[in-house]
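The values are calculated or read from the model by the stated rules, or taken from the named source; none is laboratory data. No experiment lies behind these values; they were computed from the predicted model shown. Note: ideal-geometry Cβ built from the backbone for every residue, glycine included; neighbour counts use all protein chains shown.
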Amino acid sequence: MLDEPTNDLDFETLRVLEGALVDYQGCLVVVSHDRAFMGSMCTFILELPGDGSWQLHAGNWSEWQARTAAEKRTAKAQNKAKKRQKKAAKANKLSYMEQKRLQGIEREVESVDDAVAVAEATLADPSVVTDYTRLQPATLALDAAMAKRDKVYAEWERLEAKQALWNEQNA
């Protein structure tokens with residue numbers, strides 16, 4: 001067992017130590033903060049993260065450091081993906097105003113359907129069709145009613161789809 005074997009060694013003494021360790025046939029446990037020494041001499045790294053556990057890694061210091069950095073990047077990317085997923089799921093939830101709107105939109109759908117039916121009935125009246133002064137406003141009224149109906153139906157579909165997605169994600 002070697003505890004900080006490179007402390008206070010000059011360059012020549014360090015080379016002699018490294019040469020002796022390379023020729024040594026047994027197993028050594030080296031505790032060191034000298035990364036260059038660990039990079040050139042170690043074939044396994046025993047990591048003690050400080051939580052009472054340990055992990056044995058094959059390779060030298062540089063390989064361990066690269067592997068650890070890659071694991072951290074992967075964990076960070078996964079964490080970001082989870083946060084994005086949670087944020088997206090939260091974004092899919094209907095707001096209070098959207099919930100209220102969805103509850104009352106069916107009455108509005110009936111109202112705009114009735115308005116379209118009234119406008120269509122007006123245009124079906126032969127007296128309106130033959131009178132240009134009455135035909136143009138009736139046509140505009142039908143166009144406006146149909147546009148409003150399309151808008152209400154689109155909003156209803158959007159809210160229903162959002163609610164269905166939220167229910168599916170949280171089932």
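Numbers at a glance
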| quantity | calculated |
| --- | --- |
| Residue in segment 137-148 that is within 30 Å of LEU48 (Cα to Cα) and either touching a Leu at 6+ places or on another chain (Cβ under 8 Å) or among the hydroxyl-bearing types (Ser, Thr, Tyr) (or both) present | no |
| Filter result for ALA36 (modelled with pLDDT of 85 or more and either among the aromatic types (Phe, Trp, Tyr) or closer than 22 Å to ARG15 by Cα (or both)) | yes |
| Boolean, THR43 is β-branched (Val, Ile, Thr), more than 30 Å from LEU140 (Cβ to Cβ) and without any contact (Cβ under 8 Å) to a residue 24 or more places away in the chain | yes |
| Yes/no for ALA115 being under 26 Å from ARG158 (Cβ atoms) and touching a Lys or Arg at 6+ places or on another chain (Cβ under 8 Å) | yes |
| Checking SER40 against (1) closer than 24 Å to ASN170 by Cβ; (2) surrounded by 13 or more Cβ atoms within 10 Å (Cβ to Cβ), the condition it does not meet | (1) |
| Qualifying residue in segment 32-41 (condition: more than 20 Å from MET1 (Cα to Cα) and small (Gly, Ala, Ser)) | no |
